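*Asks:* The following block contains the structure, expressed as structure tokens.
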Amino acid sequence: MMCFLKSLIENQWINVLFLDAQKHLTKFNFMNLHEFQGKLILSRYGVSVPVGIVAESPAKAVEAAKEIQAKTGSDRWAVKAQIHAGGRGKGGGVKIAKSLEEVEKYADQIIGMMLVTPQTSAEGKLVRRVLVEQNIYYPGPSAVTEIYMSILMNRSKGRNMIMYSPRGGMDIEAVAEETPELIFTEEIDPKVGLQGFQSRQIAFNLGLSGEAYKEMVKFVQALYKAYEGSDASLFEINPVIKAADDRIFAADAKVTIDNNALFRHADIAAMRDLTEEDPIEVEASRFDLNFVKLDGNVGCMVNGAGLAMATMDMIKMSGGEPANFLDVGGTANAKRVEEAFRIILKDPNVKAILVNIFGGIVRCDRVAQGIVDAYQNIGEISVPIIVRLQGTNATEGKELIDQSGLKVYSAIKLQEAAELVNAVLK
């Protein structure tokens, strides 16, 4: 429920940088996992998860249900769409099957559908597989307790934090808005890690007792161990289930891994599902371009994340809307600049392109050559291009562009570039 976390951030519960929606999370050095992949990681660290099997067709879903029944005795199953977005239940992507016939029916409905949730675009996401799981709500929803739990970094304090609530489930956002006193946090001192008393405090605040209390203490300790061991940036389990027999399960699993740590986890890196990512962003990554698609009309190409954010602000203040975040990096050459242009121009909403380069490590004349090459190799570029070059070899770069005969607007000062953006959009 990334929307829930975002609402807490906006209400100053936690000071953590997240973007406008969960769909952008993976674009800033994070890798999202499917639920079934996240649960595989959890189970390796001793976190209790329902027995489940992934299926890519209705027939395979029925086979999975039979296998689960043989292992657990369960005669009811959850059939769950596997996409990189939360809110699947509200979109019709989670069904409870009471027979093998229903397993096949629901799998047939879900696989191949464009699932729309609060965390997808209006078009939704194509469902390519389902997770078939044992029923842990036996004998019914009233017999279980749904709990919310997440682990993430509180960046304002430089500490990991466990956030939890005794009222988990699909309406967790309403809990945060209407009864914020039911949202608890436990910060972890990095010098000593999660302490036993903290795990017990969590179980106590959740109102558990007896065997359920003991099981929750074990669950929290295993969950935190998995979080640290996998170099995750986010664990969100909504809901954590206290079953009728007091067992504790991770009924769902939103797991996000820090890309910078993937070199330590080849098995997790292999879980990356490129079909869930924007094809243009995948292409950009092949050329070491840091690219994020946005919804505006001005494409921007810069070198350096800080300059990119400032450039996007400038575009906004000039009356435009950023169409992308694109950082060509500190070692940009003509080829990378050309590829950057190709990627920006794939967006039909782009009405202008602003190139804002500060030549520190990167040489401005190389960027200028890339712009010239892009014009020659791509063909006629119909949108206006504003180029601002400052720093190393900026004069040589400007000369290259001026002598090329291309229809490019040149600027020296940031204010000039802003005024040109405003002018070409009118």
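Taken together, the values in this text are just the output of simple stated rules run on the coordinates, not laboratory data. Since the structure is predicted, the reported quantities are computational estimates derived from the model, not experimental observations. Because the Cβ atoms are built from the backbone with ideal geometry, glycine has one as well, and the counts that use them run over all protein chains shown.
*Asks:* Show the residues, 5+ positions off or on another chain, whose built amide H is closer than 5 Å to the amide H of V51.
*Replies:* Q134
*Asks:* Report P(r) for the stretch 248-326: all Cα-Cα distances, bin width 10 Å, range 0 to the bin holding the largest distance, values in whole percent.
*Replies:* Using 10 Å bins, I get a P(r) of 15, 35, 29, 16, 5, 0 for the stretch 248-326.
*Asks:* Along the Cα-to-Cβ line of D245, 7 Å from the Cα, sits a label point; which residues in the stretch 112-138 have backbone N less than 19 Å from it?
*Replies:* Once the point is set 7 Å along Cα→Cβ of D245, 133-138 turn out to lie under 19 Å by backbone N, inside the stretch 112-138.
*Asks:* What order do you get for 201-209, 153-161 when each peptide is scored by the mean count of other beta carbon atoms within 10 Å, highest first?
*Replies:* Working: 201-209: 17.3, 153-161: 14.0.
The peptides rank, most packed first, as 201-209, 153-161.
*Asks:* Here is a further query. How many angstrom lie between the Cα centre of the stretch 361-382 and the Cα centre of the stretch 94-140?
*Replies:* First find each Cα centre; the distance between them is then 48 Å.
*Asks:* Pairs of Cα atoms under 8 Å, at least six residues apart: use those to get the relative contact order of the chain, whole percent. Could the numbers behind the result be given before it?
*Replies:* On the way: 844 pairs, mean separation 54.0, N = 426.
Result for the chain is 13 percent.
*Asks:* How do M317, M301 rank when sorted from fewest to most other Cβ atoms within 10 Å of their own Cβ?
*Replies:* Working: M317 11, M301 28.
Taking fewest neighbouring Cβ atoms as first place, the list is M317, M301.
*Asks:* What's the exposure ranking of T145, T275, going from fewest to most Cβ atoms within 10 Å?
*Replies:* Values: T145 20, T275 12.
By the 10 Å Cβ count, ascending, the order reads T275, T145.
*Asks:* Oh, and also: Hey, with R₀ at 60 Å, roughly what FRET efficiency would S156 and D75 work out to, going by the Cβ-Cβ distance, to 0.05?
*Replies:* Numbers: r = 49 Å, r/R0 = 0.81.
FRET efficiency, S156 to D75: 0.80.
*Asks:* I want to check the label-to-label distance for E277 and E419. Put each point 7 Å from Cα in the C-beta direction and report it in nm to one decimal.
*Replies:* 4.1 nm
*Asks:* Determine Rg/Rh for the stretch 351-426; Rg is computed over alpha-carbon atoms and Rh is the Kirkwood hydrodynamic estimate from the same atoms. Present the calculation step by step, with values, prior to reporting the outcome.
*Replies:* On the way: Rg = 11.8 Å, Rh = 12.4 Å.
We get a ratio of 0.95 for the stretch 351-426.
*Asks:* Could you work out the per residue convex hull volume over the alpha carbons of the stretch 180-318, in cubic angstrom? Each step should come with its number before you reach the end.
*Replies:* Values: hull volume 28.0 nm³, N = 139.
Normalising the Cα hull of the stretch 180-318 by residue number yields 202 Å³.
*Asks:* Once you charge only the Cβ atoms, +1 for Lys and Arg and -1 for Asp and Glu, what is the size of the charge dipole of the chain about its Cα centre, to the nearest 20 debye? Intermediate values should be presented prior to the final figure.
*Replies:* Values: 47 positive and 54 negative charges, 86 e Å.
Around 420 debye, computed over the chain.
*Asks:* List the residues whose amide H sits under 5 Å from the amide H of M113, counting only those 5 or more places along or on another chain, with H placed 1.01 Å from N in the peptide plane.
*Replies:* V127
*Asks:* In square nanometres and to one decimal, what's the mean projected area of the convex hull around the Cα atoms of the stretch 193-270? Kindly include the intermediate steps, with their values, before the conclusion.
*Replies:* Values: hull surface 23.1 nm².
Quarter of the Cα hull surface area: 5.8 nm².
*Asks:* Tabulate in residue order the Karplus-calculated ³J(HN,Hα) for the stretch 263-268, using 6.51 cos²θ - 1.76 cosθ + 1.60 with θ = phi - 60°, rounded to whole Hz; enter x for Gly and Pro.
*Replies:* Result, rounded to whole Hz: 5, 8, 9, 4, 5, 6.
*Asks:* Cα extents of the stretch 279-425 along the three principal axes, largest first, in whole Å?
*Replies:* Computed over the stretch 279-425, the largest-to-smallest principal extents equal 34, 33, 31 Å.
*Asks:* Follow-up question, since we're still on this one. If you average 1/r across every pair of different Cα atoms in the stretch 97-217 and take the reciprocal, what Kirkwood value do you get, in Å? Each step should come with its number before you reach the end.
*Replies:* On the way: mean 1/r = 0.0565 Å⁻¹.
It is 17.7 Å.
*Asks:* From the Cα trace of the stretch 51-135, what convex hull volume per residue do you get, rounded to a whole Å³?
*Replies:* So the per-residue Cα hull volume is 69 Å³.
*Asks:* Moving to a separate point now. With the crude spin-label approximation of a point 7 Å out along Cα→Cβ, what separation in nm comes out for K66 versus A122?
*Replies:* Result: 4.5 nm between the two label points.
*Asks:* Let me ask something else. Taking the Cα atoms of the chain, what is the range of coordinates along each of the three principal axes, in descending order and whole Å?
*Replies:* Ordered largest first, the chain gives principal extents of 79, 49, 40 Å.
*Asks:* Could you tell me which chymotrypsin sites (Phe, Trp or Tyr not before Pro) in the stretch 99-177 are loop residues by DSSP with no more than 14 other beta carbons within 10 angstrom of their beta carbon?
*Replies:* Details: sites: Y106, Y137, Y148, Y164; in loops: Y137.
Of the chymotrypsin sites (Phe, Trp or Tyr not before Pro), not one in the loops of the stretch 99-177 has a Cβ with at most 14 other Cβ atoms within 10 Å.
*Asks:* List the residues, sorted by chain then number, that are 5 or more residues from S233 or on another chain and whose placed amide H is less than 5 Å from its amide H.
*Replies:* T256, I257, D258
*Asks:* Given R₀ = 56 Å, what would the calculated FRET efficiency be for E380 paired with S57, taking r from the Cβ atoms and rounding to 0.05? Before the final figure, lay out the partial values.
*Replies:* Working: r = 46 Å, r/R0 = 0.83.
Using R0 = 56 Å, I get an efficiency of 0.75.
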